[in-house]
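Have a look at the structure below, then the notes.
The values are calculated or read from the model by the stated rules, or taken from the named source; none is laboratory data. The structure presented is a predicted model; accordingly, all values stated were derived computationally and were not measured. In case anyone asks, the SASA skips ligands and DNA or RNA and just uses the protein heavy atoms, side chains included. Shrake-Rupley method; radii C 1.70, N 1.55, O 1.52, S 1.80 Å.
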Amino acid sequence: MLRIAIGLVLFAHGIGHSLGLLQVFGVAAIQPAWRGDSWLFGIDGAGAAILAAVLWTAAIVGFVVLAGIVVGWLPDGWWVPLAIGSALVSLAGLALFPAAFPTTSLVGAVIVNVALVAAVLWLRWSPADLAT
């Protein structure tokens, strides 16, 4: 049961990055004040859209695959590099484009990413530690 709960959290976190993609592609205006720019690089337009789309797509794929690892559908050997990489990519997208997400989503996403990195690096946690 815990495997399923953790898998669902990771899956939902990954899918949550689609809020950014919906805005990049003009499908929805989740945060109408966001104009597609990055405060750090001062880029906007196509450059920002490409960077945002790449980061958020990578985060979506990474977290969906992590969910598959946790529930036992994919190899455990992928866990550590994919967990760290996905969390860092997600944090990068959130840091570069924070205005793209509602504040509660932004804070929640940061918490999930930091918790994942802490669990993997400091606690050395892996899905294999869960009882089947």
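The calculated Kirkwood hydrodynamic radius for segment 1-89 is 14.0 Å, given to one decimal from all distinct C-alpha pairs.
Helix 103-117 and the longest principal axis of the C-alpha atoms of the chain enclose an angle of approximately 40°.
Heavy atoms of the protein chains alone define the surface here; on that basis segment 1-125 has 52 Å² accessible area per residue at 1.4 Å probe size.
With θ taken as phi - 60° and the Karplus curve 6.51 cos²θ - 1.76 cosθ + 1.60 applied, the whole-hertz 3J(HN,Hα) list for segment 68-84 is x, 5, 4, 7, x, 8, 10, x, 4, x, 7, 4, 4, x, 6, 5, 5 Hz, x standing for glycine and proline.
Phi angles across segment 32-37 convert, under the Karplus curve 6.51 cos²θ - 1.76 cosθ + 1.60 with θ = phi - 60°, into 3J(HN,Hα) values of x, 6, 6, 9, x, 9 Hz, Gly and Pro given as x.
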